[in-house]
Each structure stands twice: as structure tokens, then as C-alpha cells.
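Take a look at the structure below.
None of the figures in this text is laboratory data; all of them are computed from the coordinates on show. Quick caveat, the model's predicted, so the values are computed rather than measured. Here Cβ is always computed from backbone atoms with ideal geometry, including for glycine, and neighbour counts include all displayed protein chains.
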Amino acid sequence: MVELVGIEPTLVMLEADWEGSPSTRPARDAVATVRAVPTRQGNLAMSKLARLLLILAVASTMAAQDGVLHQGRPALKVTSGRQVAFVEYVDWQGEPAFKIQVQHYHFALCNGYLYISRNRVEYHPLPNFRDDSVRVERGQASATAVHRQRDTKIAAAGRNFTLVYMDAEWSVLDRSQMVEFAHLAIRDFDAAEQQFMRLTAALRAPPAAPAQPAPLPAPVPKPATLKVRSEPGAVQIYVDDVFKGISSTAGNLVVESLSPGTHQVRLSLIGYKEWKQEVELTAGESKLLHAKLEPVGPKPLSLAEIEEALSAGVATARVAALIKEYGVDFSLTDEAEQRLRGAGADDALILAVLKAKR
């Protein structure tokens, strides 16, 4: 008999004594007694030898167990000939429990489930049967559970329940494999749980990897500023071949909102050699750049040079003065005049070109 008399889960340890030798056990019910023995540590435990003997006894009689998926969850499949039964592992009232199909013998036959958890044993009938359930707590006084060849008898509060183990089709199992597992679960829930987890390990999905936090957006670097000081003034300034403006007559121009990194700076003025330099800027930096252009001598101006100066915004009077000083290397044809006027030339500049060519 499995006696659950006065058991305090944190203050006792369970020891197993078997009544009847192996030769006599098949002839009558196998009866196990659970005695409450105080421990110094106050842990619910079982003597190592008794637990080992109990697990070996169950393993020898339950060879027909396999881990399977039953109703989408890992379960133990217990077979007896053509009969199949299942041991489910469920969450029952906030704690893990084994769920087994049983039938209650009393005035009528009631199908239901036996729930075995670490702290209690409960029987609950199916909704369409008589509402007659039983619950045995570990610490409940005068409660017993007797395991026999095909059933388990539970006595609590003056009531007796005979629970016969059923297969998946709600037929009585021919053999006692399910009784042995229920015996193990009631006597040592941790051992039964360990056996269940071992047989169903391949069916459980591996734990999900922890979610990786989304990477933080890269900080936007602060723009840099380039302060250009040219000699002479009124030069055309380009950064990465993009026109940025004309320096003042004093030679100053501030170029803002440049990205950090390497930039190509180019200065151009008619009558002077083109000036180029590579500049490295860092985020938020304000750099001063000096540029001194060298004159090229009395070289006449080309039509393209005059167009570029006018398109860059150099005053027509300034371009006319340069034309007067250096001359031009092209004739003022209708096409040339059209190009110059398209770039912004006025009558005075056209006249200066005409006089320079003479």
C-alpha cells in the first residue's frame, strides 16, 4: 500500500518496502508502503537504493514504451498487444503533471483522467459522466493508494475509488504497464519525470535562441566646413568638381555642409594656372585652406574660358577687362557670339571681344 499519511513535502523523505517476494508477487497484488521519515536537511527525497530498485522494476515491466507526439505534444506511448495508451505531460493547476486515461468503478463506469503531480494525485471524470472526483494531497491525513495488477485504489476522506487503466479507445488495458508507471510517478515524481524526458527528448524542440536586439542606427556624422582664402580674389572654387562659388575680392569663401572624408578642391581664374589640392576633413571640423594662383602670362583667352567665367558668375566687366588685357584666340562668328550671349555676355563684352581680335 502507498500510504500518504502525514507527508510534508519539505520535511520528510520517502522509503520503499515491498511486501511479497518476486515469486509470490504475480499471485497477489504488489503492495508498496511509503513511510514518512524526518530528515536533517528537510528535503523530500528517497533513499538511493530504494529509488534505483523502483526505477529498475518499472523499466523491466514497461519495455513497450516509446516517445511519440500525441495531440501535438510529446507523450509516452504504452503498448500491450494491439492496445495503445498514452501518458501525457501537462500543466495541471500551475504545476507539471502526468495525465492518464482511467475508468472509475462504482455504481456506474465513469471515464476520466488521473493526474499525478509532485504534490497531489487527482481523478476527474469526463464532463458527460457523473461529477465524482477525488484529490489526495501529499500532506493529507488518512489517504492511501493501492496499486494492483490492472488498477489503483485510492482512499481519502472515507471514500474509495477504484481506477482501472484504459487504452486510447477507452478499453481496459490487458496488462499492468500503466499501473507500474503510475506507481513510479506517485512514489517518486522526479524519477518518473526523468524517465519521461529521456524517452521524449528527441520530440521536444530545442530552446529558442534569445532574440538579438536590433542594431542601433549608425550616428550621423556632423558636417565639416572649408574656409578658402585665395590669391588673387574673385576666383572660381570647385569641390569634387561641383561649383561652390566665387571668392570675394579679398579672396574669402566659406564652403559648408561637407561630408567627412577626402575631397578634391580646385580653383580657376582666367589668366592663372588652375590650382588643385586634396583635403581631408573630419566630422564637425572647420579647416582653413590657403590657395595662391600663379599667372600664366599673356596667353589669349579661348571661347571656352570666357564661357566658363561667365557661367560661374564672374562679372561681365571683369571678363571684359581680362579680354582687353590678354586678348582672345578666336574670331567672333555668329555661333561664337550666340554662345557668349548664352553664357551671359552683354554688348560691352561682345565689343571687347571684337576689338581684341583686331
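Some points to look at:
- Multiplying the residue separation of Asp91 and Asp346 by 0.36 nm and removing their Cα-Cα distance gives an extension gain of 82.5 nm.
- If you plug the beta carbon distance of Ser259 and Ala315 into 1/(1 + (r/R0)^6) with R0 = 30 Å, you get a FRET efficiency near 0.40.
- Calculated P(r) of region 249-306 - Cα pairs past 18 Å, %: 47 percent
- Asp91, Asp151 arranged by Cβ crowding within 10 Å, fewest neighbours leading: Asp91, Asp151
- Using a cutoff of 8 angstrom between alpha carbon atoms and counting only pairs six or more residues apart, the relative contact order for region 221-291 works out to 41 percent.
- Each residue of region 81-87 was assigned a 3J(HN,Hα) from its phi angle through the Karplus expression (A = 6.51, B = -1.76, C = 1.60, θ = phi - 60°), giving x, 8, 7, 10, 10, 10, 10 Hz with x at Gly and Pro.
- Our coupling estimate for region 268-285, obtained by passing each phi through the Karplus curve with A = 6.51, B = -1.76, C = 1.60 and θ = phi - 60°, is 9, 7, 4, x, 10, 5, 5, 10, 10, 7, 8, 10, 9, 10, 10, 4, x, 6 Hz, Gly and Pro reported as x.
- For the cross-link pairs Lys276/Lys357; Lys292/Lys355; Lys244/Lys299, the ones whose C-alpha atoms lie over 29 Å apart are Lys276/Lys357; Lys292/Lys355.
- Compared with the direct C-alpha span, the chain from Ala205 to Lys222 gains 1.3 nm at full extension, assuming 0.36 nm per residue.
- R0 of 41 Å, Cβ-Cβ distance Ala168-Gln212: FRET efficiency to nearest 0.05: 0.45
- Calculated FRET value between Lys153 and Arg118, using beta carbons and R₀ = 22 Å, to 0.05: 0.50
- Couplings 3J(HN,Hα) of region 199-204, computed from phi: 6, 10, 4, 6, 8, 8 Hz, in residue order, whole Hz [Karplus 6.51 cos²θ - 1.76 cosθ + 1.60, θ = phi - 60°; x for Gly and Pro].
- Region 298-358: proportion of alpha-carbon pairs further apart than 18 angstrom, %: 17 percent
- Rel. contact order, % - alpha carbon contacts under 8 angstrom, at least six apart, region 260-319: 31 percent
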